[in-house]
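The values are calculated or read from the model by the stated rules, or taken from the named source; none is laboratory data. Worth saying up front: this structure is predicted, and the values here are computed from it rather than measured. Neighbour counts run over all protein chains shown; Cβ positions are idealised from the backbone, glycine included. Areas reflect the complete protein model, heavy atoms only, side chains present, ligands, DNA and RNA absent. Shrake-Rupley method; radii C 1.70, N 1.55, O 1.52, S 1.80 Å.
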Amino acid sequence: MSTDVELQTSGNIWKVMVQPDQAVAAGETLFIMEVMKMEIPHEAPCAGKVTAVNINEGDEGLDAGMVAVRLEPL
Amino acid sequence: MIDVSKHKVLIANRGEIACRVIRSCRSLGIATVAVYSDADQESMHVQLADEAIHIGAAKAAESYLDVQKVLQAITVSGATAVHPGYGFLSENTDFARQIMAAGVRWIGPAPDTISEMGDKDRARQLAQSAGVPVLPGSQRFATGELDGIEEAGSEVGYPLLVKASAGGGGIGMRLVESAPQLLDIAASTQSMAERSFGDGTVFLERYVKNARHIEVQVFGDGKGEAIHLYERECSIQRRFQKVVEESPAPGLNETLRRQIAECAVNLARSQNYAGAGTVEFVFDDDSNEYFFLEMNTRVQVEHPVTEMVTHTDIVAMQICLALEDDSLTLDQSQIAHRGAAIECRIYAEDPDKMFLPSPGLLEVLTFPQEGEDVRVDTGVRQGDRVTPYYDPMIAKIIVRAPDRSRAIDAMANALKETRIEGPRCNERFLLNVMNHPQYREGKVTTRFIDDNLQALTRNAIEEPVV
C-alpha cells in the first residue's frame, strides 16, 4: 500500500528535495511550497521509498490536494 | 504653489494599498498610473487607475520587485511622481535614488534615511542619540563570525532574540530561551538571513516577556520639523505580523502616551524626516518601560486607524509634501485625537491550520456597508482570484466609535456582515478576538493569539451579555 503526500494548499513549488527510488525517513522534508510569501514544507508521514514525484521546482498555480509525492512505506 | 493637477503619480504596488493611493490622488485631482503583473491583469487597482502598464510575470521578483521594469514604466508613462505603497520596493534605497536621478519625485523620505532606518543596528544608534530608549543589545556578528557571542548573550540577558540586521516584518528573528541554545540558533539565523536578504549579519536583543507593540505615526517636513498623529496599539499578532490594530492604546496613561509620542517626534526631527513614518516601540507591560524597536520609512498597512481618529488623509499629506503643495501645513495643535478606531486585517488563510495560506477564487465576497464610521480598504472584488504569488491580506475593515467598547461592538457587527466564500479567510477568527474577554478588557500582549489559539479558532466565542 502506498502513501500519498498531497499539497496542503494551492500554490507554487519552491524546492523539491527528493527523487524517485530515494529512501526517506519519517519527518524528512520532501518538498517546500511557496505560497503568499510563506514557505510551507511538506514532510514524509512515514519512512519509505519514493515511488513517484509529480511536481517540479518552479511549478506554479497547483491545486490543493494534488498528489505531489507517493511513498512506499518500508 | 505647484499645480498638483499637472502631475501624474505612478503607484509601484498592487492590491488594497494601490487602490488606496489612487483614491487620494483622485481626491487631489491627480492622474494615476498602475503597474501590474501577469497575475493582476484584471485587478481592481488596474481598473481604478487612469492608465495601467504591464511590468512582467506573476512572480514578484519579475515584476513588482524588478527595479528596471518599474523604472521603464515610469519613463513610458511620463509619471512625475512615484508612490511605492508598503512592501515591494517601498524601502529600496536604490529604487528611490534612481527615481530621483531621473527627475521624478519620490513620495517617501530621503533615500539615506531609508537605508539608515532599514539597518536595524544603525537605527538603534540613531534612536539612542536622539534620546529614545533602546533595548539592551549587542554588537553585530557577520556570517560565520560568532566569536564573543556567548559573552554578548550573557550581557544582554536571557531570554533574548537573535535578529538579522537586514530583516523586517517579523522575518529574520529567533527566540533563544537559554545560553546553551545560542550558538546553534545564531548560526542558523545567519544562514537564513544570508539566503533571504543576502546579508547574514545578526545581533542580540533583550526579549520582553509581556510585551505590547505600540507605535507612533509621525510626519516630517524634511527640514527638521515633525509632528505626531498619536499612537497605535498593534499587539494582536500572529507569526510576528499584525492582525488587529487600534488607537488609542488601551490603558496607556496620558503621561506615558505623551512621552512615547515625543520620543518618536524627536527621532523624526533628528533625521530631518520627510513624509509619513512610523516609530515602533516594545512596551513592557510589567515595568511600563518602552524601547525603540524600529522605524518604518513608508506608509503602514494600519495607517487608516490613525486617519479615522485624527480626521486626516495621510496618503494625501505624503503626496502634497512630495509635490511641494503649500496647502500642507504641519501644526501639532491642529491634530486632535477623537474617539477610538480599530482595524482588522482580512487574510486569505486558515486559522484552524496554523494560518496556512489559502489562495483561490472569491466566489462570494460581501463587506459591511461603508459609511462615516465604517471603512473597507480592499483590492479585490467578488469573482476575483486570490493568487499564491503575493501577500495573503485581501482587505482591511476599519471602524470608529466614541469609545473602545463601542468600537469593538461596531467591529463585531462589521465582521458579522462580512461573507467570504472560496479561499478560507480569518473573519470568524477576528470576531472571536473581538468577543474574547481578555481583548475586551484591553489586557493584550503580543502573545495573545498564541496563548488563546484554541479559544480563538475552534468554536465561536459567545458574545458577552451586557
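Taking the inverse of the average 1/r across all pairs of different Cα atoms in the stretch B:211-457, what Kirkwood radius in Å do you get? Could the numbers behind the result be given before it?
Numbers: mean 1/r = 0.0537 Å⁻¹.
Computed over the stretch B:211-457, the radius equals 18.6 Å.
Taking a ≥ b ≥ c as the square roots of the eigenvalues of the Cα gyration tensor, the stretch B:342-466 is classed as oblate, since a/c reaches at least 1.5 and a/b does not exceed b/c. Once each part is reduced to its C-alpha centroid, what is the distance from the stretch A:48-63 to the stretch B:281-306 in angstrom? Between the Cα centres of the stretch A:48-63 and the stretch B:281-306 lies a distance of 42 Å. Kirkwood radius and radius of gyration were both taken over the C-alpha atoms of the stretch B:305-378, and their ratio Rg/Rh is 1.11.
Between B:Gln382 and B:His311, the simple spin-label model (points 7 angstrom out along Cα→Cβ) gives 3.5 nm.
Computing the accessible area with a 1.4 Å probe over protein heavy atoms, can you report the carbon and sulfur percentage for the stretch B:264-330?
Working: 750 of 1900 Å².
Roughly 39 percent of what the probe reaches on the stretch B:264-330 is carbon or sulfur.
Seen from A:Ala52, the other residues with C-beta closer than 12 Å to its C-beta sum to a net charge of -1, counting Lys and Arg as +1 and Asp and Glu as -1. Entry note, chain B: the mean residue ellipticity at 222 nm calculated from DSSP H runs of n ≥ 4, each adding -39500 (n - 2.57), is -9000 deg cm²/dmol after division by the residues and rounding to the nearest 500.
With viscosity set to 0.890 mPa s and temperature to 25 °C, compute the Stokes-Einstein D of the stretch B:136-206, Rh being the Kirkwood radius across alpha carbon pairs; µm²/s, no decimals.
Calculated translational D: 213 µm²/s.
How large is the convex hull of the C-alpha atoms of the protein assembly as shown per residue, in Å³? Mind showing how you got there, number by number?
Numbers: hull volume 84.5 nm³, N = 540.
That works out to 156 Å³ per residue.
Restricting to the protein assembly as shown, what percent of DSSP beta bridges are antiparallel, rounded to 5? Among the beta bridges of the protein assembly as shown, antiparallel pairing accounts for roughly 85 percent. Cα-based values for chain B, radius of gyration first and Dmax second, are 21.6, 63 Å. What are the residues of the stretch B:338-359 that lose 20 Å² or more of accessible area, with a 1.4 Å probe, going from their chain alone to all protein chains? So the qualifying set is B:Leu356, B:Pro357, B:Pro359. For the stretch B:4-107, the Kirkwood radius over C-alpha pairs fed into Stokes-Einstein at 10 °C and 1.306 mPa s yields D = 121 µm² per second. Here the spin labels are modelled as points 7 Å beyond Cα on the Cα-Cβ line, and at B:Met100 and A:Lys37 they lie 2.5 nm apart.
For the stretch B:84-179, the gyration tensor built on C-alpha atoms gives a prolate shape. Its axis ratio a/c (a ≥ b ≥ c) is at least 1.5, and a/b is the larger of a/b and b/c. Of all DSSP beta bridges confined to the stretch B:136-206, the antiparallel ones make up roughly 100%. Extending 7 Å from the Cα toward the beta-carbon at both A:Cys46 and B:Glu254 defines two label points whose distance is 6.8 nm.
Report note on the peptides B:266-276, B:25-35, B:63-73: ranked by the mean count of other C-beta atoms within 10 Å, highest first, their order is B:266-276, B:25-35, B:63-73. The stretch B:109-127 and the stretch B:54-73 have Cα centres lying 26 Å from one another.
Can you classify chain A as rounded, prolate or oblate using the Cα gyration tensor, where a ≥ b ≥ c are the square roots of its eigenvalues, rounded means a/c under 1.5, and otherwise it's prolate if a/b beats b/c and oblate if not? Please list the in-between numbers first.
On the way: a/c = 1.95, a/b = 1.82, b/c = 1.07.
Prolate, since a/c reaches 1.5 and a/b exceeds b/c.
Solvent-accessible area per residue in the protein assembly as shown equals 41 Å², computed with a 1.4 angstrom probe and all protein chains kept.
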